1. Pull up the DSSP beta bridges for the chain and report the antiparallel fraction as a percent, rounded to 5.
2. Stretched out fully, how many nm does the piece from Ile88 to Arg219 gain, at 0.36 nm a residue minus the Cα gap?
3. Could you list Lys221, Lys19, Lys69 so that the one with the fewest beta carbons within 10 Å of its beta carbon is first and the one with the most is last?
4. For the pair Asp163/His137, report the inter-label distance in nm, with labels modelled 7 Å from Cα in the Cβ direction.
5. Taking the Cβ-Cβ separation of Asp95 and Glu28 as r and a Förster radius of 25 Å, what is the calculated FRET efficiency to the nearest 0.05?
6. Identify the chymotrypsin sites (Phe, Trp or Tyr not before Pro) of segment 108-216 meeting these criteria: DSSP loop state and at most 13 other C-beta atoms within 10 Å of the C-beta.
7. Per DSSP H run of n ≥ 4, the term is -39500 (n - 2.57); total these for the chain, divide by its residue number, and report the mean residue ellipticity at 222 nm rounded to 500 deg cm²/dmol.
8. Using 0.36 nm per residue of separation minus the Cα-Cα distance, give me the extension gain between Asp103 and Arg174 in nm, one decimal.
Amino acid sequence: MDLGVFTKDFKIVRSKYDKFKQINRFVELVDQSLRDERAETIRILDFGCGKSYLTFILYYYFAVRRGMKTEIIGYDLKADVVRRCSEIAARYGYDGLRFEVADVTRDRLADTKIDMIVTLHACDTATDYALAYAIRHGVKHIFSVPCCQHEVNLSIRRGGELDLLLEHGIIRERVSALLTDAVRAAVLEDAGYAVDVIEFIDFEHSPKNLMLRARYTGRRKSAGRARAEALREQYGFQQSLLKLIENG
């Protein structure tokens with residue numbers, strides 16, 4: 001109720017039904033991936049947490065349902081949102097859950113051992129900064145649902161066999177979004193992650209419905225990243241994760 005998803009009699013608020021479906025599916029996917037793990041503690045960063053529907057449910061899932069010592073930090077740009085989420089966390093006694101005002105593209109973030117990174121519709125390049133953080137810190141689990149992927153679309157130019165896909169704005173936009181996620185998957189695989197690109201939710205509940213689900217294994221696949229870099233050279237587009245990894 002405090003988050004505005006349910007009414008006082010625990011019915012889903014109609015305007016929040018799509019959000020409820022997204023959060024429920026996200027936690028299902030986390031459960032599928034981690035249900036057999038026997039760790040006693042877990043530390044999670046949520047990049048671009050917003051109103052923190054997902055953050056609170058993840059905390060409840062790990063701390064209450066699974067009885068794990070759980071620490072989650074939610075990062076967001078808006079001070080008023082962070083303040084409200086902090087008040088709700090205190091009201092429920094969620095001592096391991098805290099929220100911080102931060103620009104994840106430039107501010108210094110947590111420098112402790114992190115077990116999981118989550119992003120749900122973190123806009124544009126914020127997803128790239130989350131993935132770069134995970135790679136640099138050896139984060140074991142990544143669950144990332146990107147959003148508003150403008151960078152490639154705004155920078156790509158004609159360069160070869162794919163030019164036909166750049167003729168019309170709406171096709172160019174969709175191809176650019178898919179290319180962005182393909183590049184991200186390739187970079188993660190090169191860094192030693194096993195990656196699944198899966199349909200996160202039915203399209204009717206969100207047009208931003210792909211998830212990058214990754215688990216660190218240490219087994220590197222370099223061919224994909226090399227192909228991504230070759231495409232970047234050929235088509236002249238900018239892609240933040242490639243740049244961030246190159247710059248260390």
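1. Approximately 35 percent, going by the DSSP bridge assignments.
2. Stretched fully, the Ile88-Arg219 segment lengthens by 43.1 nm.
3. Lys69, Lys221, Lys19
4. 4.5
5. Once rounded, the FRET efficiency stands at 0.45.
6. Those that pass, being in a loop and sparsely packed, are Phe203.
7. -12000 deg cm²/dmol
8. Here the answer is 22.9 nm.
No lab work stands behind these numbers, since they all come straight from the coordinates. Values in this document were obtained by computation on a predicted structure and should not be read as measured data. Glycine also receives a Cβ, built like all others from the backbone with ideal geometry; neighbour counts cover every protein chain displayed.
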